[in-house]
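Encoded as C-alpha cells, the structure appears first; notes follow it.
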Amino acid sequence: MFIRIIIFFVSIALAVNLNSNGIMHKDSTKVFALVNCLLINGTGNEPIENATIIIRDNLIEFSGKSLDAPIPDNAEIIDLKGATALPGFINTHVHQDYNDANLKKWAAEGVTTVRDLGVREYTPDTFSKRDILSSDVFNARLLAAGPIVTTVNGYGTMEVTSPGDAEDKVNNLLENGADLVKIAIEDNLQMRTFPLLTEEEIKTIVNTAHKNDTKVSAHISRTYQIAMAISGGVDDLAHMAVDEVSDSIIINLVTENIYWVPTLELWKEVSDMYELDWFDIAKNNLKKFVSAGGKVALGTDYAGYITPFDLGMPIREILWMKDAGMTPMQIIVSATKNSAFICNLQDILGTLESGKIADVLVVNGNPLVDLNTLANTKMVIHNGVVIVNK
Ligand SMILES: [Zn+2]
C-alpha cells in the first residue's frame, strides 16, 4: 500500500509541479480556499464557525478560523456560506466495488474511500484492477482485502490448512498488494454450519499481517467468536454481534482498542426478511460498546446480502447509529478519523488537518443539527480535485 501512496505522490508531483524537463514551476501549483463554512474536521473537536480550508495541489495546507487563514494572493476563493465542510467519508465494509459506476456514485456523494472486505473470485490481477479503478479521481479510493481467509470448507474463500500454510498465503496476499487481511470467524450463519480457523492459525495470520504493517478485520456474528478474535489480536470486527454481548467482552474490546464496524443496514435487512430480533440486539450492543468508550468505524456490508443497500452516502446506516445512541459528532468521527484508522490511512486521511490529503465533503446545512444533511451534497473534493460542485 505504501508503495502505491508513494507512486501517487510522485505522479502528482510530476503532473503538477514539474515541466517536461523535471524543473519545478512553483506558479503552476493550484491553490484554492474554501471560505465562510462551518468546519467539522473529523477529530471530534468542537466545530469551527466561519472557517477556511486552504488546499494546495492534493493536500490541505490550512484548516481553521478564517481570521488566522494565510490565504495566498493567487488562491481561488470558493464561498461556502451556509454549508459545512467535513472530511470525505469512508465506508469500511463494502463489496461489489470493482465497479466503475459504484465507485463513481460513492465519490459523488462524498464517500471518497471504500474498503472491500472480500471478493468471491480472487485472481492474481485482483489488485491491479483495484489500482486502475482507484486511479480515477472521480472514483472513490478503493482499498481491498482480496479473498476472505478461512479454514478448509469454512466461511470464506481462501482456505488455509495449517499455521504454516496461513503464513505462506497471507505473505503471498500482501506481496500481491492486499491493503488488509480479512478473516472469517464464523461457524453458524443463516442455517449453515462451518468449521473454524484454529486459534493458532488466527494468531499466525494476525502476526504475519502486523509484521507487514497491515491490519486484520474479522468477520464475526456471535459473542463466542469475538472472544476468538480478541485472543487472536485482530484490529476490527466487521459486523456487530447479533447475540447479546457481555460487559466483560465489551471491556476487553475497548481495552485492546479493537474497532467495531456495525453493519446495521445488513442486520436490518436480514431481520426483516426472517422476522428476527438481530437488528435490535445489534443496536443495543452498539449502544453498550459506545457507552464503554469503544471506537466505531462506519461500514454497511454494501452488496453483502441479496437486499438493496444505500449506494453513495449510507444515510440509513448513519440514522440507525443515531438510534443506537451515538451523537452526530460520534457518527462523523466514526465515518472519518476512525474509519481512516482501520484502513491504516490515519496519517494521510480521515481529518481535515494540514498535511493530509484533501478529501472534503461539503453539505448544505449543519449535520450536527440534522444528520440528513449529510445526503445534501454541495461539493466533493477528492485528492484535491473538485469532482462535484452544485
Ligand atoms: Zn461483508
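Any read-out appearing in this document is the output of simple, stated calculations on the displayed coordinates, not a laboratory observation. Bear in mind that the values here come from a model prediction, so they are computed numbers and not experimental data. Glycine also receives a Cβ, built like all others from the backbone with ideal geometry; neighbour counts cover every protein chain displayed.
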**Q.** Among Trp320, Trp267, Trp106, residue whose mean-square fluctuation peaks in a GNM of the chain (springs only between Cα atoms under 10 Å)
**A.** Trp320
Q: Give the range of the longest stretch in the chain that excludes all GluC sites (Glu not before Pro) found in loop regions by DSSP and having at most 14 other beta-carbon atoms within 10 Å.
A: 122-243
Q: Within 10 Å of each residue's Cβ, count the other Cβ atoms and sort Tyr155, Tyr274, Tyr122 from fewest upward.
A: Tyr274, Tyr122, Tyr155
Q.
To test your reading of the geometry: what angle, between 0 and 90 degrees and rounded to tens, separates the Cα axis of helix 163-176 from the longest principal axis of the chain?
A. 20
Q: Sort His219, His210 so that the residue with the fewest other Cβ atoms within 10 Å of its own Cβ comes first and the one with the most comes last.
A: His210, His219
Q. If the cut-off is 16 Å between C-alpha atoms, which aspartates and glutamates fall inside it for Lys104, apart from same-chain ones fewer than 8 positions away?
A. Asp116, Asp131, Asp136, Asp310, Asp359
Q | Greater than 18 Å apart at Cα, pairs in Lys81/Lys105; Lys169/Lys203; Lys182/Lys215 | A | Lys81/Lys105
